[in-house]
Amino acid sequence: MPMIPATQVPGVYHRRVGDILVTALHDGHQDVSMTTVLGIDPAEAAAMLGAARRPVPRRTTVNAFVLRDGRRTVLVDAGCGPRGAATAGRLAANLAAAGLSPDDVDLVLMTHLHPDHFGGLLDSTGGAAFPRADLLLHEAEHAHWNDDAAMMRLEDPARRKVFFLNAREALAAYAGRLSTFAVGEVCSGVTAVSLPGHTPGHTGYRVASGGRSLLIWGDIVHVQELQVPRPEVTMLVDVDPPAAIATRRAILAEVADRREGIAGMHLHFPGLAHVVREGDGFRLLPDAWSTDLAGDAPA
Ligand SMILES: [Zn+2]
């Protein structure tokens, strides 16, 4: 008798944008208390998740993306890494399933410095998980997590460590290979899009090639069943909630009106979708599985 699998297939999915191959990598998921969801009545949030047949507390997917153009291999975010939840930290295994070793990564682009994005920058020994890679992030993001006054505004020492000190430790492993940017093209075919609010330097990356484009929007949405129809729903970890709301509304409207595809770190894997306007909010249209790497071009 053939063996019956006891584990899921690798979380790897390709989408070509012109000459650039975007590969979604699944890092796993985190079950997070509903007390982290603000700007909505908790009972209503639970009802909306139930209506979408999703678990409560919220189960949030964690994705990262690899960009390859035949010259460089670029990783966007690094997942939770070895210190995260037991249900996450699968990026390294899925990178291998995509045919890549950590040595293949030339550049890591960070959307922002939260633990579910920078955790995978370190391996289980605390060294750089991507030994050859340069590391690039927005200058405001670098400044914020290195700001002692901002750190001391957190009352809980455990949170100071998880957010600020661990971020600094991850950056330190890339000393000499770390740079920051303010705006513009960060590597061939990839342009930084400033999306502040969730964190001060939260950044999306617009991948454009051959007349096609895809916006990797980072953490614009953590819970798609709540924040797409209700962009005013915020997260406890948002550094500036009003700015996060304004940015979310603006970028949802922009990609809806442009009919531009998006990729999200916390959308259900593989995290590729389009957005349409609906009522006072928006609706997410997850992309269909496509055998053709170019996907289905929107009509
Ligand atoms: Zn996140």
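The values are calculated or read from the model by the stated rules, or taken from the named source; none is laboratory data. For clarity, every value in this text was computed on a predicted model and none was experimentally measured. Here the Cβ positions follow ideal geometry from the backbone for every residue, glycine too, while neighbour counts run over all protein chains shown. Just so you know, the surface numbers come from the protein's heavy atoms only, side chains and all, with ligands and any DNA or RNA stripped out. Shrake-Rupley method; radii C 1.70, N 1.55, O 1.52, S 1.80 Å.
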| said: Quick check on the range 73-89. Is at least one of its residues modelled with pLDDT under 95 and either of a type in the set (Lys, Arg) or open to solvent by less than 10 Å² (accessible area, probe 1.4 Å) (or both)? | reply: yes
| request: Return the only residue of Thr199, Thr191 being within 13 Å of the ligand (Cβ to nearest atom), at pLDDT 95 or above and polar (S, T, N, Q). | output: Thr199
| message | Here is a list: Glu141, Glu185, Glu169. Which entry is among the charged types (D, E, K, R), under 21 Å from the mean Cα position of the chain (by Cα), at pLDDT 95 or above and within 16 Å of the ligand (Cβ to nearest atom)? | response | Glu141
| message | Could you go through the range 11-29 and let me know if any residue there is among the small types (Gly, Ala, Ser), open to solvent by 40 Å² or more (accessible area, probe 1.4 Å) and out of contact with any Leu (no Cβ under 7 Å at 6 or more places or on another chain). | response | no
| remark: When the range 101-137 is checked residue by residue, the ones that are open to solvent by less than 20 Å² (accessible area, probe 1.4 Å) and either more than 20 Å from Met265 (Cα to Cα) or of a type in the set (Lys, Arg) (or both) are Ala133
| query | Only one of these conditions is not met by Arg159: (1) open to solvent by less than 60 Å² (accessible area, probe 1.4 Å); (2) more than 22 Å from Leu91 (Cα to Cα); (3) within 16 Å of the ligand (Cβ to nearest atom). Which number is it? | reply | (1)
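Condition check: free of Cβ contacts under 8 Å to residues at least 24 places away in the same chain and aliphatic (A, V, I, L, M). Does Ala246 satisfy that?
No: the conditions fail for Ala246.
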| Evaluation of Ala46 against (1) touching a residue at least 24 places away in the same chain (Cβ under 8 Å); (2) more than 20 Å from Leu100 (Cβ to Cβ); (3) open to solvent by less than 50 Å² (accessible area, probe 1.4 Å) (one fails), failing number | (1)
| Quick one: in the range 211-263, which of the residues that are away from the ligand (no atom under 16 Å from the Cβ) and of a type in the set (Lys, Arg) is least open to solvent (accessible area, probe 1.4 Å)? | Arg230
